[in-house]
Amino acid sequence: MTDRPARPPRPQHVLHVVGTERLSPHLVRVRARGTDLSAFRESPHTDAYVKITFAKPELGLEPPYDLAALRETLAPGDLPVTRTYTVRAVSGDELTIDFVVHGDEGLAGPWAAAAQPGDRLVVSSPGGGYAPDPAADWHFFAGDESALPAIAASLEALTPDAVGAAFLEVQSAGDQVPLSAPPGVVVTWVYRGEAPAGATPVLVEAVAGWHPLDGRGQVFAHGEREAMKALRDIVFTRWGLERAQVSLSGYWAYGRTEDRFQAEKREPIGKIL
Ligand SMILES: Cc1cc2nc3c(=O)[nH]c(=O)nc-3n(C[C@H](O)[C@H](O)[C@H](O)COP(=O)(O)OP(=O)(O)OC[C@H]3O[C@@H](n4cnc5c(N)ncnc54)[C@H](O)[C@@H]3O)c2cc1C
């Protein structure tokens with residue numbers, strides 16, 4: 001078996017924060033402006049995502065970062081680090097990203113919680129893999145706060161006559177955000193209460209009580225890795241869906257940084273689908 005050639009890095013865009021807004025106790029919206037966002041405006045995906053690169057400020061590195069060259073010169077602990085985030089919206093030269101604020105741990109969450117106008121944000125060109133299929137007979141969404149931006153954007157893109165369901169896990173009712181969904185798509189908020197995110201079965205239990213509608217449906221389910229593994233079993237084994245009907249992955253893993261989690265995903269044992 002030959003090794004797959006490494007993907008060339010996506011071009012980097014240097015943006016600057018123009019404003020932030022607390023959408024809920026655990027979600028902060030960051031708006032940032034750049035010069036050429038055409039690649040974002042042209043994305044057909046409602047789950048379009050970017051890799052944000054964080055460099056240690058004290059090293060004075062200037063973007064775009066040549067990671068291959070930096071690997072030759074910097075100690076591993078000084079290398080810029082990436083985090084993956086959904087493009088919640090793009091309008092003109094402004095990009096909107098909604099970050100989960102999950103405490104003091106990590107890089108991106110604390111960065112977003114403290115972001116100020118003028119701060120630099122280095123993002124890759126967008127990737128993505130899902131958009132609602134107007135030919136689907138029903139639509140199903142499930143996720144925690146990390147998938148809320150992608151699910152919110154997907155709900156907005158459904159046709160007015162779309163039917164289905166969305167299950168969204170948040171800590172409490174105070175974390176609900178307004179969504180724009182067609183009347184035939186029933187939105188259920190699921191509360192985990194004081195239990196830490198990623199450590200409760202509440203989302204899976206709620207989804208287990210739902211039954212697919214008639215016809216051929218489409219599923220978008222993303223969030224904490226263990227919950228997604230359990231949802232994978234419901235969707236394929238219980239509901240009998242085919243791979244082509246389903247977009248499902250771990251967006252993060254309880255107790256692991258994204259670097260560790262992404263490394264696990266490259267191993268056979270770390271794959272969900
Ligand atoms: C395609 C894709 C799109 C994504 N879109 C979004 C998005 O729009 N908004 C968003 O907020 N996240 C999104 N995520 C998830 C985000 O990339 C991870 O949550 C990431 O780990 C956050 O980085 P960090 O630096 O804040 O924390 P890390 O340094 O990666 O982790 C530090 C600690 O925080 C924990 N942690 C990480 N994320 C969460 C969380 N959401 N809740 C509770 N604990 C957590 C980890 O388990 C670890 O213990 C997306 C992921 C993918 C793959």
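The values are calculated or read from the model by the stated rules, or taken from the named source; none is laboratory data. Only a predicted model underlies this, so the values are computations on that prediction, with no experimental measurement involved. Please note: Cβ atoms are built from the backbone with ideal geometry, for glycine as well, and neighbour counts cover all protein chains shown.
In segment 163-186, what count of residues is obtained for those that are more than 23 Å from Tyr254 (Cβ to Cβ) and surrounded by 15 or more Cβ atoms within 10 Å (Cβ to Cβ)?
Within segment 163-186, residues that are more than 23 Å from Tyr254 (Cβ to Cβ) and surrounded by 15 or more Cβ atoms within 10 Å (Cβ to Cβ) number 8.
Looking at Gly103, Gly129, Gly77, Gly92 in this structure, which one is loosely packed, with under 13 Cβ neighbours inside 10 Å, at positive phi and more than 8 Å from the ligand (Cβ to nearest atom)? Spell out the reasoning first.
Working: Gly103 fails: more than 8 Å from the ligand (Cβ to nearest atom); Gly129 fails: at positive phi; Gly77 fails: at positive phi.
Result of the check over Gly103, Gly129, Gly77, Gly92: Gly92.
Pull out all pairs, ordered by first then second residue, where Cβ-Cβ is under 9 Å, the residues are six or more apart or on different chains, the first lies in segment 184-213 and is free of Cβ contacts under 8 Å to residues at least 40 places away in the same chain and more than 30 Å from Pro160 (Cβ to Cβ), and the second is within 14 Å of the ligand (Cβ to nearest atom) and assigned to a strand (DSSP E or B).
Arg192/Glu169; Arg192/Val170; Thr200/Glu169; Val202/Glu169
Within 16 Å of the ligand (Cβ to nearest atom), at pLDDT below 95, within 24 Å of Phe261 (Cβ to Cβ) and not hydrophobic (A, V, I, L, M, F, W, C): does that describe Gly109?
Values: within 16 Å of the ligand (Cβ to nearest atom): yes; at pLDDT below 95: no; within 24 Å of Phe261 (Cβ to Cβ): yes; not hydrophobic (A, V, I, L, M, F, W, C): yes.
No, not satisfied.
Name the pairs whose Cβ atoms lie under 7 Å apart, with the first residue in segment 146-171 and part of a helix (DSSP H, G or I), the second of a type in the set (S, T, N, Q), and 6 or more positions between them or separate chains?
Pro149/Thr86; Ala150/Thr46; Ala150/Thr86; Ala153/Thr46; Ser154/Thr46; Leu155/Ser180; Glu156/Ser180; Ala157/Thr46
Yes or no: segment 239-249 includes at least one residue that is at pLDDT below 95, touching a strand residue (DSSP E or B) at 6+ places or on another chain (Cβ under 9 Å) and assigned to a helix (DSSP H, G or I). Before you say what the answer is, go through the steps one by one.
Kept after step one, since they are at pLDDT below 95, are these residues of segment 239-249: none.
Looking for residues that are at pLDDT below 95, touching a strand residue (DSSP E or B) at 6+ places or on another chain (Cβ under 9 Å) and assigned to a helix (DSSP H, G or I), one finds none in segment 239-249, hence no.
Basic (Lys, Arg), surrounded by fewer than 21 Cβ atoms within 10 Å (Cβ to Cβ) and free of Cβ contacts under 8 Å to residues at least 40 places away in the same chain - does that describe any residue in segment 218-234?
Taking every residue of segment 218-234 in turn, none turns out to be basic (Lys, Arg), surrounded by fewer than 21 Cβ atoms within 10 Å (Cβ to Cβ) and free of Cβ contacts under 8 Å to residues at least 40 places away in the same chain.
When you go through (1) more than 15 Å from the ligand (Cβ to nearest atom); (2) modelled with pLDDT under 90 one by one for Ile272, which number turns out not to apply?
(1)
So, of the residues in segment 250-270 that are touching an Asp or Glu at 6+ places or on another chain (Cβ under 9 Å) and either free of Cβ contacts under 8 Å to residues at least 60 places away in the same chain or not in a loop (DSSP other than H, G, I, E, B) (or both), which turns out to be farthest from His139 (Cα to Cα)?
Initial filter on segment 250-270 (touching an Asp or Glu at 6+ places or on another chain (Cβ under 9 Å)): 250-254, 256-257, 270.
Checking the rest, the ones that are also either free of Cβ contacts under 8 Å to residues at least 60 places away in the same chain or not in a loop (DSSP other than H, G, I, E, B) (or both) come to 250-254, 256, 270.
Details: Gly250: 19, Tyr251: 20, Trp252: 23, Ala253: 25, Tyr254: 27, Arg256: 31, Gly270: 27 Å.
In this case the residue turns out to be Arg256.
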